[in-house]
Amino acid sequence: MIDYIKECHKKNVFVNVDVTDDPKQVLWSRFIDDERFAEEQIGVYKGGASFFDGIWRPTENSVMRTNSLNKNNFFNAPSRAQIYTRIMKLSEGQDWQFDYETFVKWDQKHPTKLSTTPATRSNYVEVDDTGNEDHVPPVIVGKTWREVIHR
């Protein structure tokens with residue numbers, strides 16, 4: 001199991017769990033003592049990736065553990081960082097490099113907890129305090145967003 005998870009990590013898979021319980025060595029170690037994420041109680045919790053033993057996760061509970069989205073359940077900061085990284089590499093190219101502080105600034109500007117059950121599909125429309133609608137942006141295939149806006 002440990003070797004399997006390590007091989008997955010090389011492919012950037014299962015990076016929301018680790019095979020060590022050392023808070024200084026886990027993949028999400030920088031989040032543990034970062035006061036900006038104190039509310040999430042990020043640490044090292046036993047069990048993950050369908051294993052009860054030998055694997056650790058960053059939070060007691062998250063959407064990755066319960067597979068349920070509600071206002072009390074959300075993606076934890078290390079998972080959000082991985083989602084952010086994946087999206088940025090897809091939009092900016094594989095040479096794009098993760099910067100922790102840039103991610104934190106971005107993450108602080110976006111809500112982490114869901115206020116309602118999210119909709120699926122592109123018909124989701126959110127209305128802000130002023131009555132403006134914020135539609136889900138289009139999916140751009142084969143180009144970065146910068147290439148599209150600079151036609």
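In region 98-116, the residues that are within 18 Å of TRP28 (Cβ to Cβ) and at pLDDT 75 or above form Cβ pairs under 8 Å with partners that are acidic (Asp, Glu) and outside any helix (DSSP H, G or I), at six or more places apart or across chains, as follows: VAL104/ASP34.
Residues of region 35-53 that are modelled with pLDDT of 90 or more and surrounded by fewer than 15 Cβ atoms within 10 Å (Cβ to Cβ): GLU35, ARG36, ALA38, GLU39, GLN41, LYS46.
Looking across region 55-75, the residues that are modelled with pLDDT under 90 and surrounded by 12 or more Cβ atoms within 10 Å (Cβ to Cβ) come down to GLU60, ASN61, SER62, VAL63, MET64, ARG65, LEU69, ASN70, ASN73, PHE74, PHE75. Among the residues of region 1-60, those identified as in a loop (DSSP other than H, G, I, E, B) and β-branched (Val, Ile, Thr) are VAL13, VAL15, VAL17, VAL19, THR20, VAL26, ILE42, VAL44, THR59. Cβ-Cβ contacts under 8 Å between residues 6 or more apart (or on different chains), taken from a first residue in region 3-22 that is farther than 19 Å from PHE98 by Cα to a second residue that is of a type in the set (Lys, Arg) and in a helix (DSSP H, G or I), are listed as VAL19/LYS6.
Restricting attention to region 22-34 and to residues that are of a type in the set (A, V, I, L, M) and under 14 Å from SER79 (Cβ atoms), the residue that is surrounded by the fewest Cβ atoms within 10 Å (Cβ to Cβ) turns out to be LEU27.
The values are calculated or read from the model by the stated rules, or taken from the named source; none is laboratory data. Everything quoted here is computed from the prediction, not taken from an experiment. Because the Cβ atoms are built from the backbone with ideal geometry, glycine has one as well, and the counts that use them run over all protein chains shown.
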